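Below is one structure, written out as structure tokens, with a few remarks after it.
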Amino acid sequence: METVNLKGFPVPLNGELPNEGVKAQDFYYVKGNLNEESLYDVDVKVKILISVPSLDTNVCQVETSKFNEKLAKMKDVKALIISKDLPFAQKRFCDSAKINNVEAVSDFRYGDFGEDYGVLMTDGALKGLLARAVVVLDKDNKIHYSELVSDILMEPDYDSVIEEVEELLKK
């Protein structure tokens, strides 16, 4: 099992984030309209799975806004901001922040993503929420980039994510 940190304190996770080179597991999530969809239903050249604890926190809002901006001109890319937040709260934030290049989706109903991707925090103040992580997949759901952010209050390496997305779009 992996751990991340929150204000200097270790927070255990339920497993390990999948490594590059393996096929990503399918999972179901709930969209803003309360309909369900699975990862394997998404048919684009590049998929980005962005796990965050809650869109009600500043760091998660900043991260979502930055990815929204960085992906604005990219075609054939689908980015999912995944949290345990209810779809109503996700929609409220995305509407107010004019987020339209990434899609906020919820893992609240089944918990497939948190369980299968090893990012569910199992102890501490944020127990039950998802750790901050980014996974980049190709159209066949093969993982090409995988990052577990070591501290919940830090942002991911945007440049490395975008670089990998651009490489996959060239193929």
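The values are calculated or read from the model by the stated rules, or taken from the named source; none is laboratory data. Quick caveat: nothing in here was measured; it's all calculated off a predicted structure. All Cβ positions, even for glycine, are placed from backbone atoms using ideal geometry, and neighbour counts span all protein chains on display. Only protein heavy atoms, including side chains, enter the accessible area calculation; ligands, DNA and RNA are left aside. Shrake-Rupley method; radii C 1.70, N 1.55, O 1.52, S 1.80 Å.
Values as computed for the structure displayed
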read-out	value
Which label in [x] 14.6, 42; [y] 17.0, 57; [z] 15.1, 49 gives the computed Rg and Dmax of the Cα atoms in Å	[x]
F9 accessible area, 1.4 Å probe, all protein chains in place, Å² to nearest 10	140 Å²
Dimensionless Rg over Rh [region 1-96; C-alpha; Kirkwood]	0.96
Under 13 Å between alpha carbons - lysine pairs in region 8-125 that sit 8 or more apart or on different chains	9
Contact order relative to length of the chain, as percent, for alpha carbon pairs under 8 angstrom and 6 or more apart	33 percent
Solvent accessible area, Å² - K45, 1.4 Å probe, full protein context	50 Å²
Dipole magnitude (debye, nearest 20) for the chain, charges at Cβ of Lys, Arg, Asp, Glu	500 debye
Solvent-accessible surface ranking, highest first, for K78, K70, K127, K91 at 1.4 angstrom	K127, K91, K70, K78
Three-way shape call for region 1-40 based on the alpha-carbon gyration tensor, with the a/c threshold at 1.5	oblate
The chain: antiparallel DSSP beta bridges as a percent of all, rounded to 5	65 percent
